[in-house]
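The values are calculated or read from the model by the stated rules, or taken from the named source; none is laboratory data. Worth saying up front: this structure is predicted, and the values here are computed from it rather than measured. As a convention, Cβ positions derive from the backbone with ideal geometry for all residues, glycine included, and neighbour counts pool all protein chains shown. Note: accessible area is taken over every heavy atom of the protein model, side chains too, but ligands, DNA and RNA are not part of it. Shrake-Rupley method; radii C 1.70, N 1.55, O 1.52, S 1.80 Å.
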Amino acid sequence: MSQQIVISGVGVWHPQDSISNQELVESYNAYCDKFNAQHSSEIESGEVQAMPHSSAEFIEKASGIKQRYIYKKDGALDVDRMKPLIEPRADEVLSHQAEFAIASAKIAMEKANKKADDIDAVIVSCAYTQRSYPAIAIEVQGALGIKGFGFDMLVACSAATFGMHRAFEMLSAGSAKCVLVINPELVSPQVNYKDRDSHFIFGDVSTATVLERAETATSEHVYDVLSTKAVTQFSNNIRSNFGYLTRAEDVDPYGADKLFHQAGRKVFKEVCPMAAEHISEHLSRHDIEPANVKRWWLHQANINMNTLIAKRLLGREASREEAPIVLDEFANTASAGSVIAFGKYHEDLVSGDVGILCSFGAGYSIGSLVLKKR
Ligand SMILES: CC(C)(COP(=O)(O)OP(=O)(O)OC[C@H]1O[C@@H](n2cnc3c(N)ncnc32)[C@H](O)[C@@H]1OP(=O)(O)O)[C@@H](O)C(=O)NCCC(=O)NCCS
């Protein structure tokens with residue numbers, strides 16, 4: 001019996017609402033002007049620093065991002081609020097994040113030709129979960145009518161790849177026969193829309209993948225997972241301190257350090273070489289030269305990072321066809337970026353074509369899968 005593990009379906013779902021760079025910058029700049037007017041005397045005396053304007057041109061040039069999807073646009077651009085307005089739901093009602101997850105899960109299940117009965121494990125793996133327990137995965141499992149087990153895991157930007165790694169291992173070990181890995185990246189509530197350095201970075205999206213043994217796969221586009229590779233190295237350069245201890249620490253649970261913040265330049269400098277080396281080592285495990293990789297489904301944080309990494313590996317710039325970019329439309333979607341790229345750009349490959357799916361970011365964490373089309 002073959003032990004080959006495959007990806008047999010992928011789903012990408014995004015909310016309807018979107019915010020262009022221009023809209024975002026207009027709201028941020030109006031917030032700045034209001035803040036500066038309110039603090040004019042402290043700014044004049046040097047006690048408070050004036051807030052500088054953001055710029056749509058800077059955002060596109062520095063990151064490649066043109067817009068982002070957002071679950072609830074209401075409130076996020078309101079200068080008196082600067083955060084999305086999400087109505088609370090009773091315990092009996094499907095939670096926001098589970099609803100988000102299910103939307104992409106259904107697409108992935110349809111693509112993989114799977115019904116709830118075919119699946120026996122659900123992993124919800126993403127940058128944030130909306131509560132500690134019961135696990136979002138178990139709520140999704142219940143809502144979809146899947147038997148078996150589910151659990152949540154958090155690995156920030158590498159949550160999706162690390163989740164697929166766990167699915168690969170569970171399938172290899174025989175503890176599951178078909179695993180649904182979902183990445184409901186509902187990140188907008190953690191974005192500091194008052195922070196010029198990071199207000200533009202993230203967008204909301206949910207992705208899902210179905211992994212199973214090759215012999216049970218019946219879908220049109222099946223990818224053998226040749227192997228997985230993961231590495232982590234502790235860094236404080238990307239951080240969110242929001243957590244349950246804040247209640248006992250008598251600090252503002254929503255202060256700036258509790259939201260996403262980063263030293264972006266340092267991240268850029270440190271993560272690019274790490275990611276390139278990681279990918280090179282992973283490919284060499286299979287004697288695959290970078291030049292023979294048909295597609296690079298790379299993490300989507302910054303277009304310049306992807307250009308640099310592909311250049312290090314290929315010795316030349318990768319074409320958009322080789323290394324697709326989705327962050328212009330979606331922005332950084334935490335762990336989902338490389339899965340969106342895979343979801344949108346995998347059907348045209350032919351049998352035998354090899355691609356690499358790779359995430360990199362907070363932790364630091366890097367995760368990859370070498371994939372070969374059946
Ligand atoms: C965040 C990022 C896009 C910023 O781009 P950058 O080129 O490094 O920009 P810097 O932070 O060095 O800032 C450059 C200048 O632009 C200014 N600037 C920063 N944000 C700005 C904004 N929104 N509008 C206008 N100017 C801005 C800075 O103040 C700085 O000005 P200075 O040169 O006068 O000091 C980039 O560092 C990045 O993407 N890093 C990797 C992040 C990443 O992958 N994170 C993973 C998260 S999951």
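Values for this structure:
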quantity	calculated
Residue within the stretch 203-211 that is in a loop (DSSP other than H, G, I, E, B) and open to solvent by 50 Å² or more (accessible area, probe 1.4 Å) present	no
Tabulated pairs, the stretch 86-97, first assigned to a loop (DSSP other than H, G, I, E, B), second at pLDDT below 95, C-beta under 9 angstrom, 6+ apart or interchain	Ile86/Asp74
Among the candidates Val225, Val210, residue that is in contact with a Gly (Cβ under 9 Å, 6 or more places away or on another chain) and either within 16 Å of the ligand (Cβ to nearest atom) or of a type in the set (Val, Ile, Thr) (or both)	Val210
Helices (runs of 4 or more DSSP H) wholly inside the stretch 277-374 containing at least 2 residues that are under 15 Å from the mean Cα position of the chain (by Cα) and acidic (Asp, Glu)	327-330
Checking Gln190 against (1) under 28 Å from Ala173 (Cβ atoms); (2) within 15 Å of the ligand (Cβ to nearest atom), the condition it does not meet	(1)
Residue that is most open to solvent (accessible area, probe 1.4 Å) [pool: residues in the stretch 26-60 that are within 8 Å of the ligand (Cβ to nearest atom) and under 23 Å from the mean Cα position of the chain (by Cα)]	Phe58
Residue satisfying condition, being surrounded by fewer than 23 Cβ atoms within 10 Å (Cβ to Cβ), under 26 Å from Ile182 (Cβ atoms) and within 16 Å of the ligand (Cβ to nearest atom), within set Asn306, Asn302, Asn332	Asn302
Answer from Ala173, Ala108 - the residue that is at pLDDT 95 or above and crowded, with 24+ Cβ neighbours inside 10 Å	Ala108
Ser351 open to solvent by less than 10 Å² (accessible area, probe 1.4 Å) and hydroxyl-bearing (Ser, Thr, Tyr)	no
Qualifying residue in the stretch 273-285 (condition: more than 20 Å from Asp328 (Cα to Cα), open to solvent by less than 80 Å² (accessible area, probe 1.4 Å) and within 11 Å of the ligand (Cβ to nearest atom))	yes
Number of positions in the stretch 7-57 that are among the charged types (D, E, K, R) and either under 28 Å from Tyr71 (Cα atoms) or touching a Pro at 6+ places or on another chain (Cβ under 6 Å) (or both)	6
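Residue-wise test of (1) more than 13 Å from the ligand (Cβ to nearest atom); (2) under 23 Å from Ser54 (Cβ atoms); (3) open to solvent by 60 Å² or more (accessible area, probe 1.4 Å); (4) at pLDDT below 95.
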position	(1), (2), (3), (4)
Lys177	yes, no, yes, no
Leu180	yes, no, no, no
Asp195	no, yes, no, no
Ala230	yes, no, no, no
Gly243	yes, no, no, yes
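For (1) within 16 Å of the ligand (Cβ to nearest atom); (2) closer than 30 Å to Glu110 by Cβ; (3) part of a loop (DSSP other than H, G, I, E, B), each residue gets a yes or a no:
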| residue | (1), (2), (3) |
| --- | --- |
| Ala167 | no, yes, no |
| Ser172 | no, yes, no |
| Glu215 | no, yes, no |
| Glu220 | no, yes, yes |
| Ala248 | no, no, no |
| Val267 | yes, no, no |
